[in-house]
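The values are calculated or read from the model by the stated rules, or taken from the named source; none is laboratory data. Model, not experiment: these values are computed from the prediction. Backbone-built Cβ (ideal geometry, glycine too); neighbour counts: all protein chains shown.
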Amino acid sequence: MSRRLIAPSVALLVALGLVVVAFTGDDSPVLVDTSSADSSSLDDDVPSSERMASLRVEPDAGLSVGDPDAPMVMVAFESFGCLWCGVFHRETLPMVMGDWVDTGRLRIETRLLPYEPRAVPGARIAAAAAQQDLYWELAEHLYPFIAGTDAPPMGRELTPAELAAYQVRQSQEALLEQTELAAQRIGLDMDRLRADLADQATAETVEHDQQLAWELGFTGTPAFVVNGVPHGGYSGPERFSAFLQAVYDASEG
């Protein structure tokens with residue numbers, strides 16, 4: 001199955017001379033140089049608190065981390081069933097947490113976007129864990145699992161063996177098995193999680209977030225909106241830090 005990710009706009013990144021990550025094929029990022037693209041639509045991507053209003057996650061939804069009064073809010077579309085979300089959590093998120101969240105400059109609010117049917121179980125397990133306010137604790141276990149142990153397949157297709165192994169990790173059975181391994185350590189009630197996983201309301205939560213992402217133009221994960229500025233696709237620590245700094249500076253200005 002082919003995976004696409006379309007960011008609503010890359011104008012801010014274009015203006016900064018950065019490189020954007022797009023997706024073509026099975027979870028393989030392709031670096032797209034946008035430095036010569038037209039930046040006339042930059043005004044559409046300036047920070048906007050009004051633009052964030054409909055994206056914000058309810059404070060009691062169990063899907064947020066960071067100071068509620070932080071000057072920047074990042075709504076992240078992701079799911080436990082996404083390899084590149086796993087890579088982002090493994091490679092980039094430690095920088096985001098240390099440099100931005102822990103310093104009080106950024107709040108992260110998660111919405112759940114399964115980019116393909118195979119990613120639905122991971123998104124629903126995430127929604128169920130959030131009902132126990134344990135999304136972030138479970139994320140620390142499941143995102144490294146879904147990412148796998150190999151180096152990220154930058155600029156190439158997954159091999160048939162890699163793709164088959166990834167699809168096994170995406171399955172509800174495998175993700176629940178991993179969840180059980182972490183349950184006692186993080187205080188997760190597995191009986192309740194299984195009940196919530198079977199509840200139609202949990203499926204509707206994921207479907208709502210999915211529809212919201214589609215309306216923004218996001219069809220793959222991870223995808224982000226920071227203070228109203230969109231960013232589609234996986235970025236490593238240096239590139240993502242530059243993006244956050246650009247939004248921060250524009251927000252302050």
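In region 159-178, which residues are part of a loop (DSSP other than H, G, I, E, B) and more than 20 Å from the chain's Cα centre (by Cα)? Explain how you work it out, then say what you get.
At the first step, the residues of region 159-178 found to be part of a loop (DSSP other than H, G, I, E, B) are 159, 171.
Within region 159-178, just THR159 meets the criteria.
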| request: Would you confirm whether any residue within region 71-91 is surrounded by fewer than 21 Cβ atoms within 10 Å (Cβ to Cβ), out of contact with any Ser or Thr (no Cβ under 6 Å at 6 or more places or on another chain) and in a helix (DSSP H, G or I)? | output: yes
| note | How many residues of region 92-117 are in a helix (DSSP H, G or I) and at pLDDT below 95? The answer is 1
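Restricting the search to region 149-158, which residues are surrounded by fewer than 18 Cβ atoms within 10 Å (Cβ to Cβ) and in contact (Cβ under 8 Å) with a residue 40 or more places away in the chain? Explain how you work it out, then say what you get.
First, the residues of region 149-158 that are surrounded by fewer than 18 Cβ atoms within 10 Å (Cβ to Cβ): 149-151, 154-157.
Passing the criteria: MET154, GLY155, ARG156, GLU157.
Out of all the residues in region 216-253, which are under 26 Å from VAL206 (Cβ atoms) and assigned to a loop (DSSP other than H, G, I, E, B)? Walk me through it before giving the result.
Start the filter on region 216-253 by keeping residues that are under 26 Å from VAL206 (Cβ atoms), which leaves 216-235, 240.
Correct list: GLY217, PHE218, THR219, GLY220, THR221, PRO222, ASN227, GLY228, GLY233, TYR234, SER235.
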| said: Looking for something more than 19 Å from the chain's Cα centre (by Cα), assigned to a loop (DSSP other than H, G, I, E, B) and among the polar types (S, T, N, Q) - is there at least one such residue anywhere in region 179-200? | reply: no
| said: Checking the conditions here, which among HIS141, HIS208 is on the phi < 0 side of the Ramachandran plot, out of contact with any helix residue (DSSP H, G or I) (no Cβ under 7 Å at 6 or more places or on another chain) and either loosely packed, with under 12 Cβ neighbours inside 10 Å or part of a helix (DSSP H, G or I) (or both)? | reply: HIS208
| said: For the condition touching a Cys at 6+ places or on another chain (Cβ under 8 Å) and of a type outside the set (Ser, Thr, Tyr), what is the one hit in PRO237, PRO222? | reply: PRO222
| note | Of (1) surrounded by fewer than 22 Cβ atoms within 10 Å (Cβ to Cβ); (2) in contact with an Asp or Glu (Cβ under 9 Å, 6 or more places away or on another chain), ARG111 fails just (1)
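Hey, does region 211-222 have a residue that's touching an Asp or Glu at 6+ places or on another chain (Cβ under 6 Å), of a type in the set (A, V, I, L, M, F, W, C) and either closer than 24 Å to MET95 by Cα or surrounded by fewer than 21 Cβ atoms within 10 Å (Cβ to Cβ) (or both)?
In the first step, residues of region 211-222 are kept if they are touching an Asp or Glu at 6+ places or on another chain (Cβ under 6 Å); the result is 221-222.
The next check asks that each one be of a type in the set (A, V, I, L, M, F, W, C); those that pass are none.
No: zero hits.
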| said: Among the residues of region 70-82, are any modelled with pLDDT of 85 or more, in contact with an Asp or Glu (Cβ under 6 Å, 6 or more places away or on another chain) and closer than 28 Å to PRO117 by Cα? | reply: yes
